[in-house]
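Values quoted throughout were computed directly from the atomic coordinates according to the rules given, and no laboratory measurement underlies them. In this text the structure is predicted, and so the values were computed from the model without any measurement. Neighbour counts are summed over all protein chains in view; Cβ atoms, including those assigned to glycine, are modelled from backbone coordinates with ideal geometry.
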Amino acid sequence: ATNVGACLAGGEFLAMLNDDDYWIADNKLSLQVEFLRKHAEFAVVGTAWDEVFDDRVVHHQTCDLTIDKTSVLKGGGLVGGSTLFTRRNVFFQLGGFKTKQSRGLDSQYVRSAVLAGYNVGNVNTVTTVADARSTHERMTPVASQSDRVTALRAHAMVLRRHWFQYAIHPRAIP
């Protein structure tokens, strides 16, 4: 659906919003547009976000502007899903989201961008809330055994897709 939406969208940029997230900052998009216009060498920008659980809220600070390949292969230093904001032309150059992967499409996109040589950055302003409460209906649940198997298959797909990069950066394998 995201790839189809990107094809139908006009303009220079694409913004993502996942099914379990909410944008809470009125200036989210203007912050990211301003960042990419000031930093032509960057292709993707995210923001800080809060994750709401039944018993706590976890604040996710964003990473440094420099993301190395080992960090991105480990899964660290990535842009939070619903904070992802990218140049539209880069989205198509990278082939959009990998539709055969059932989970982690946003992380996979950021990983592909870094491995293709694009710069990824973040704005340290909370703009998004991820709803992880048990009462929240997700389109991509993780509570059951079959959901966990689906998540593991998605991780295995990432390993298969980037096996050569993992061979070059073995410290990225946990």
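Couple of notes before you dig in:
- With K and R counted +1 and D and E -1, the other residues having a Cβ less than 13 Å from that of residue 91 yield a net charge of +1.
- Simple spin-label estimate for residue 52 and residue 34 in nanometres, 7 Å along Cα-Cβ: 2.6
- Net charge of neighbours whose Cβ lies under 12 Å from the Cβ of residue 57, counting Lys and Arg as +1 and Asp and Glu as -1: -3
- Model label points for residue 9 and residue 41, set 7 angstrom from Cα along the Cα-to-Cβ axis, are 2.5 nm apart.
- Environment charge of residue 32, counting only residues whose C-beta is closer than 14 Å and scoring Lys/Arg +1, Asp/Glu -1: +2
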